[in-house]
């Protein structure tokens, strides 16, 4: 987003300008780091503001982000200056949009801004966790080590997302085909068959209840097709809009945690993300409270994030994180027990990385198992729909034909 700002420098002179940042707070923090005192910061109303916001909302492929992080980590570790590393990476990517993003970040770094501030301008590419870890690395002088950890973390997230996406592709495709086929049959095939049945029975024979129900549904869909489409797509739009609100997102995430199999996957993914992210932040020297705040936003579930916030309150009051998490409804006891061992030995980051590895393997095993179950299950569902339609149509036709033949 672009912001118009007015600030005062060390000499007391007023400076006005326009700059980009992920949020108003990020813009104010950036000005402060430049030795300026913000007086007024507001969203830019200049020409091209809307187009700029749309462009900033674009994303890049996760594969591109993984490659960028890994290559930047390698160059920084090898001692290549940051600005030169970014210039080299700008020419390596195939994405035109990502090239412009890296060019913008390079320009900021060359102008004296920290790398974290440059990344923070593109929240749809670089997550809050990503940006905060880079800032922690810059502050602690261990940017090369942090980039290594980030590269591993991004690769792990990419692998997990790929597995989930792969497991969902087949059932979503089958379900979509089933829905389209069902509506096609109900709108175009059933009405013609209904006319045939009416001609055969001459209006005297009583059709089975399931056939009458099918014909009534087909008749309703024929005469209200536009209304059904409006309600269907309007309902989807309203639900998606509601889910984007704070309360709606929380309730939706709470609902997902009530579905048995879905809850198991979401919980394991959340624990793996928490363990790996928290371990990386702790190893970078980030404080426990700040690490909990950043990690909560990376988990992807508002209910579990709320539990982490409650745990953070207990830690702030002098309690241990392991005891606070032991009260959680979604964190299994093994996590708090392992965390307690880490607190006792001073190796929280090492132990949590092992926990992350364990739960990532668990997620992989669960997804592989579901993939083998979902395929035959979807075939059964598709067969049931086809069987219901066939029984509703062919049964009465066979019965009426038999009666005609007897007469």
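Values in this text are rule-based calculations from the coordinates and carry no lab data. Here the structure is a predicted model, which means the values were calculated and not measured. When we count neighbours, we look across all protein chains shown, and the Cβ atoms used for this are built from the backbone with ideal geometry, even at glycine.
In the chain, the longest principal axis of the Cα atoms and the axis of helix 246-256 are about 60 degrees apart. Contact order, relative form, for the chain: 14 percent (alpha carbon pairs under 8 Å, 6 or more residues apart, mean separation divided by residue count).
Using the Cβ-Cβ distance between residue 178 and residue 9 with R0 = 60 Å, the FRET efficiency computed as 1/(1 + (r/R0)^6) comes to roughly 0.40. With the convex hull constructed from alpha-carbon coordinates only, the range 60-152 shows a mean projected area of 5.1 nm² over all directions.
Once the Cβ-Cβ distance of residue 226 and residue 329 is raised to the sixth power relative to R0 = 45 Å, the FRET efficiency obtained is 0.50. For the chain, take the longest principal axis of its alpha carbons; what is the angle in degrees between that and the long axis of helix 128-140, to the nearest 10 within 0 to 90? The helix 128-140 is inclined about 20 degrees to the chain. Highest GNM mean-square fluctuation among 26, 291, 390, for the chain modelled with Cα contacts below 10 Å: 390. Highest mobility in the GNM of the chain, judged by mean-square fluctuation with C-alpha springs under 10 Å and restricted to 279, 270, 306, is found for 306. Over all pairs of distinct alpha carbons, what does the Kirkwood formula give as the hydrodynamic radius of the range 130-177, in Å? When all Cα pairs of the range 130-177 are included, the Kirkwood radius is 12.8 Å.
Restricting the calculation to alpha carbons of the chain gives Rg and Dmax of 28.9, 108 angstrom. The length gained on full extension between residue 42 and residue 217, counted as 0.36 nm times the residue separation minus their Cα-Cα distance, comes to 57.5 nm. For residue 373 and residue 263, a Förster radius of 22 Å and the Cβ-Cβ distance give a FRET efficiency of 0.85, rounded to the nearest 0.05.
To the nearest ten degrees, helix 190-201 and the longest principal axis of the Cα atoms of the chain are 10 degrees apart. Here the extension length gained between residue 61 and residue 240 equals 62.1 nm, from 0.36 nm per residue of separation less the Cα-Cα distance.
By the beta-carbon count within 10 Å of each Cβ, the least crowded to most crowded order of 253, 223, fewest first, is 223, 253. Label zone (residue 306, point 7 Å along Cα-to-C-beta; backbone nitrogen cut-off 16 Å) within the range 254-275: 254-259.
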